[in-house]
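One structure is given here, and the rest of the page talks about it.
The values are calculated or read from the model by the stated rules, or taken from the named source; none is laboratory data. Predicted model only: the values in this text are computed from it and were never measured. Glycine also receives a Cβ, built like all others from the backbone with ideal geometry; neighbour counts cover every protein chain displayed. Side chains are part of the model used for accessible areas, which takes the heavy atoms of the whole protein and leaves out ligands, DNA and RNA. Shrake-Rupley method; radii C 1.70, N 1.55, O 1.52, S 1.80 Å.
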Amino acid sequence: MKKIVTRTLLVLFALLGVLQFVQPERTNPPVQANQTLQATTQVPAEVSTILDRSCNDCHSSQTRWPWYSHFAPASWLVVHDVNEGRAELSFSEWGSYPAKKAEHKLEEICEQVEKDHMPIKPYLLLHSEARLSPADKQTLCNWTRQERARLAAAEK
Ligand code: HEC
(Lines give C-alpha, C1' and ligand atoms only; values in the text may rest on other atoms or scores of the structure.)
Protein backbone atom coordinates (compact mmCIF):
# COMPACT_ATOMS: atom_id res chain seq x y z
CA MET A 1 0.00 0.00 0.00
CA LYS A 2 2.76 2.40 0.97
CA LYS A 3 4.52 1.65 -2.28
CA ILE A 4 1.45 2.49 -4.35
CA VAL A 5 1.05 5.83 -2.58
CA THR A 6 4.71 6.67 -3.13
CA ARG A 7 4.53 5.73 -6.79
CA THR A 8 1.32 7.66 -7.35
CA LEU A 9 2.87 10.73 -5.75
CA LEU A 10 5.99 10.39 -7.89
CA VAL A 11 3.90 10.14 -11.04
CA LEU A 12 1.88 13.20 -10.00
CA PHE A 13 5.01 15.24 -9.35
CA ALA A 14 6.47 14.15 -12.68
CA LEU A 15 3.26 15.23 -14.42
CA LEU A 16 3.33 18.56 -12.66
CA GLY A 17 6.91 18.94 -13.85
CA VAL A 18 5.92 18.24 -17.46
CA LEU A 19 3.05 20.75 -17.23
CA GLN A 20 5.60 23.50 -16.56
CA PHE A 21 6.75 23.25 -20.17
CA VAL A 22 3.34 24.46 -21.33
CA GLN A 23 3.77 28.13 -20.50
CA PRO A 24 1.06 30.58 -21.58
CA GLU A 25 2.29 33.97 -22.72
CA ARG A 26 2.32 36.62 -20.00
CA THR A 27 2.19 39.87 -21.98
CA ASN A 28 2.36 43.52 -21.00
CA PRO A 29 1.54 45.24 -24.31
CA PRO A 30 3.26 48.60 -24.82
CA VAL A 31 1.30 51.51 -23.32
CA GLN A 32 0.60 54.54 -25.46
CA ALA A 33 0.96 57.35 -22.96
CA ASN A 34 -1.72 59.48 -24.64
CA GLN A 35 -4.36 56.69 -24.59
CA THR A 36 -4.48 55.89 -20.87
CA LEU A 37 -7.42 56.69 -18.64
CA GLN A 38 -5.31 59.29 -16.85
CA ALA A 39 -4.34 60.99 -20.13
CA THR A 40 -7.86 61.09 -21.57
CA THR A 41 -10.16 61.76 -18.61
CA GLN A 42 -10.18 63.56 -15.29
CA VAL A 43 -9.17 61.03 -12.67
CA PRO A 44 -8.75 62.18 -9.08
CA ALA A 45 -5.58 60.81 -7.45
CA GLU A 46 -7.58 58.77 -4.93
CA VAL A 47 -9.46 57.03 -7.77
CA SER A 48 -6.19 56.32 -9.57
CA THR A 49 -4.79 54.79 -6.39
CA ILE A 50 -7.78 52.45 -5.98
CA LEU A 51 -7.72 51.37 -9.63
CA ASP A 52 -4.01 50.75 -9.46
CA ARG A 53 -4.25 48.76 -6.26
CA SER A 54 -7.34 46.69 -7.06
CA CYS A 55 -7.99 46.58 -10.82
CA ASN A 56 -4.93 47.25 -12.95
CA ASP A 57 -3.48 43.75 -12.75
CA CYS A 58 -6.33 42.59 -15.00
CA HIS A 59 -7.59 45.81 -16.56
CA SER A 60 -4.44 47.46 -17.85
CA SER A 61 -1.35 46.61 -19.88
CA GLN A 62 0.73 46.98 -16.73
CA THR A 63 0.05 43.71 -14.97
CA ARG A 64 2.27 42.87 -12.01
CA TRP A 65 2.57 39.18 -12.69
CA PRO A 66 2.55 37.39 -9.32
CA TRP A 67 4.96 34.51 -8.58
CA TYR A 68 2.19 31.91 -8.87
CA SER A 69 1.48 33.04 -12.44
CA HIS A 70 4.75 31.34 -13.40
CA PHE A 71 3.60 27.87 -12.39
CA ALA A 72 1.14 25.61 -14.19
CA PRO A 73 -1.73 25.09 -13.76
CA ALA A 74 -2.20 28.47 -11.96
CA SER A 75 -0.44 30.24 -14.84
CA TRP A 76 -3.15 29.17 -17.28
CA LEU A 77 -5.94 30.50 -15.09
CA VAL A 78 -4.20 33.80 -14.37
CA VAL A 79 -3.27 34.48 -18.00
CA HIS A 80 -6.83 33.63 -19.04
CA ASP A 81 -8.32 36.07 -16.49
CA VAL A 82 -5.92 38.84 -17.45
CA ASN A 83 -6.57 38.43 -21.18
CA GLU A 84 -10.32 38.35 -20.65
CA GLY A 85 -10.20 41.24 -18.19
CA ARG A 86 -8.21 43.41 -20.61
CA ALA A 87 -10.52 42.56 -23.50
CA GLU A 88 -13.53 43.73 -21.47
CA LEU A 89 -11.93 46.82 -20.01
CA SER A 90 -8.44 48.26 -20.24
CA PHE A 91 -7.53 51.51 -18.54
CA SER A 92 -4.40 51.58 -20.70
CA GLU A 93 -6.54 51.78 -23.85
CA TRP A 94 -9.33 53.95 -22.52
CA GLY A 95 -8.64 56.67 -25.10
CA SER A 96 -9.60 54.29 -27.91
CA TYR A 97 -13.15 53.84 -26.53
CA PRO A 98 -15.91 55.80 -28.30
CA ALA A 99 -17.89 58.01 -25.87
CA LYS A 100 -20.85 55.59 -25.75
CA LYS A 101 -18.61 52.68 -24.84
CA ALA A 102 -16.72 54.71 -22.22
CA GLU A 103 -20.01 55.74 -20.67
CA HIS A 104 -21.19 52.15 -20.52
CA LYS A 105 -17.91 50.95 -18.99
CA LEU A 106 -18.13 53.66 -16.32
CA GLU A 107 -21.63 52.48 -15.46
CA GLU A 108 -20.39 48.88 -15.29
CA ILE A 109 -17.47 49.78 -13.02
CA CYS A 110 -19.77 51.16 -10.33
CA GLU A 111 -22.21 48.30 -10.72
CA GLN A 112 -19.55 45.59 -10.57
CA VAL A 113 -17.91 46.92 -7.42
CA GLU A 114 -21.20 47.63 -5.67
CA LYS A 115 -22.28 44.04 -6.26
CA ASP A 116 -18.89 42.78 -5.08
CA HIS A 117 -18.33 41.11 -8.46
CA MET A 118 -15.00 42.91 -8.90
CA PRO A 119 -12.20 42.28 -8.08
CA ILE A 120 -12.93 38.59 -8.65
CA LYS A 121 -12.93 36.33 -5.57
CA PRO A 122 -9.87 34.13 -6.32
CA TYR A 123 -7.77 37.26 -6.76
CA LEU A 124 -8.92 38.66 -3.42
CA LEU A 125 -7.94 35.44 -1.65
CA LEU A 126 -4.35 36.00 -2.71
CA HIS A 127 -4.36 39.83 -2.72
CA SER A 128 -6.14 40.97 0.41
CA GLU A 129 -4.80 44.51 -0.15
CA ALA A 130 -7.06 44.73 -3.24
CA ARG A 131 -10.24 44.50 -1.15
CA LEU A 132 -12.50 47.53 -1.53
CA SER A 133 -13.81 49.26 1.57
CA PRO A 134 -17.30 50.82 1.46
CA ALA A 135 -15.50 54.18 1.18
CA ASP A 136 -13.47 52.94 -1.81
CA LYS A 137 -16.66 51.84 -3.59
CA GLN A 138 -18.23 55.21 -2.85
CA THR A 139 -15.19 57.02 -4.24
CA LEU A 140 -15.27 54.93 -7.42
CA CYS A 141 -19.01 55.37 -7.94
CA ASN A 142 -18.92 59.11 -7.30
CA TRP A 143 -16.21 59.41 -9.91
CA THR A 144 -17.99 57.26 -12.52
CA ARG A 145 -21.13 59.37 -12.09
CA GLN A 146 -19.21 62.61 -12.47
CA GLU A 147 -17.35 61.32 -15.49
CA ARG A 148 -20.54 60.04 -17.14
CA ALA A 149 -22.22 63.40 -16.63
CA ARG A 150 -19.19 65.12 -18.15
CA LEU A 151 -19.25 62.78 -21.17
CA ALA A 152 -22.99 63.25 -21.65
CA ALA A 153 -22.60 67.03 -21.53
CA ALA A 154 -19.73 66.93 -24.03
CA GLU A 155 -21.85 64.93 -26.49
CA LYS A 156 -24.53 67.62 -26.69
C1 HEC B 1 -7.87 39.06 -11.26
C2 HEC B 1 -8.38 39.78 -12.39
C3 HEC B 1 -9.34 40.93 -12.20
C4 HEC B 1 -9.27 41.98 -11.32
C5 HEC B 1 -8.21 42.26 -10.28
C6 HEC B 1 -10.39 42.83 -11.62
N7 HEC B 1 -11.12 42.31 -12.66
FE8 HEC B 1 -12.71 43.13 -13.59
N9 HEC B 1 -12.88 41.55 -14.86
C10 HEC B 1 -12.03 40.45 -14.85
C11 HEC B 1 -12.50 39.49 -15.84
C12 HEC B 1 -11.86 38.13 -16.11
C13 HEC B 1 -13.65 40.06 -16.44
C14 HEC B 1 -14.52 39.46 -17.54
C15 HEC B 1 -15.39 38.36 -17.07
C16 HEC B 1 -16.44 38.81 -16.11
O17 HEC B 1 -17.17 39.77 -16.40
O18 HEC B 1 -16.51 38.19 -15.04
C19 HEC B 1 -13.86 41.33 -15.79
C20 HEC B 1 -14.89 42.20 -16.11
C21 HEC B 1 -15.04 43.46 -15.56
C22 HEC B 1 -16.04 44.40 -15.96
C23 HEC B 1 -17.14 44.14 -16.96
C24 HEC B 1 -16.97 44.91 -18.21
C25 HEC B 1 -18.22 44.86 -19.04
O26 HEC B 1 -18.37 45.75 -19.86
O27 HEC B 1 -19.05 43.95 -18.86
C28 HEC B 1 -15.86 45.53 -15.22
C29 HEC B 1 -16.64 46.82 -15.28
C30 HEC B 1 -14.75 45.29 -14.33
N31 HEC B 1 -14.27 44.02 -14.57
C32 HEC B 1 -14.28 46.18 -13.40
C33 HEC B 1 -13.28 45.91 -12.48
C34 HEC B 1 -12.86 46.86 -11.46
C35 HEC B 1 -13.45 48.24 -11.26
C36 HEC B 1 -11.86 46.24 -10.76
C37 HEC B 1 -11.14 46.77 -9.56
C38 HEC B 1 -11.94 47.24 -8.46
C39 HEC B 1 -11.65 44.92 -11.35
N40 HEC B 1 -12.54 44.77 -12.38
C41 HEC B 1 -10.70 44.01 -10.95
C42 HEC B 1 -10.92 40.29 -14.07
C43 HEC B 1 -10.50 41.15 -13.04
Exercise. Are any residues in the stretch 49-80 within 19 Å of Leu124 (Cα to Cα) and among the small types (Gly, Ala, Ser), and if so, which ones?
Worked result: Ser54, Ser60, Ser69, Ala74, Ser75
For this session: Would you mind listing the helices (runs of 4 or more DSSP H) fully within the stretch 41-125 where at least 3 residues are touching a residue at least 24 places away in the same chain (Cβ under 8 Å), near the ligand (Cβ under 9 Å from one of its atoms) and of a type outside the set (A, V, I, L, M)?
Result: 56-59, 74-88
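Every residue, every condition in (1) surrounded by 18 or more Cβ atoms within 10 Å (Cβ to Cβ); (2) among the acidic types (Asp, Glu), yes or no:
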| position | (1), (2) |
| --- | --- |
| Gly17 | no, no |
| Pro24 | no, no |
| Thr49 | no, no |
| Ser54 | yes, no |
| Ser60 | yes, no |
| Val79 | yes, no |
| Glu84 | no, yes |
For this session: Output the residues belonging to the stretch 29-47 that are open to solvent by 30 Å² or more (accessible area, probe 1.4 Å) and of a type in the set (Ser, Thr, Tyr).
Result: Thr40
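So, in the stretch 127-143, how many residues would count as being part of a helix (DSSP H, G or I) and more than 9 Å from the ligand (Cβ to nearest atom)?
Keep residues of the stretch 127-143 that are part of a helix (DSSP H, G or I), which gives 128-130, 134-143.
Restricting the remaining residues to those that are more than 9 Å from the ligand (Cβ to nearest atom) gives 128-129, 134-135, 138-139, 141-143.
Residues flagged as part of a helix (DSSP H, G or I) and more than 9 Å from the ligand (Cβ to nearest atom) within the stretch 127-143 amount to 9.
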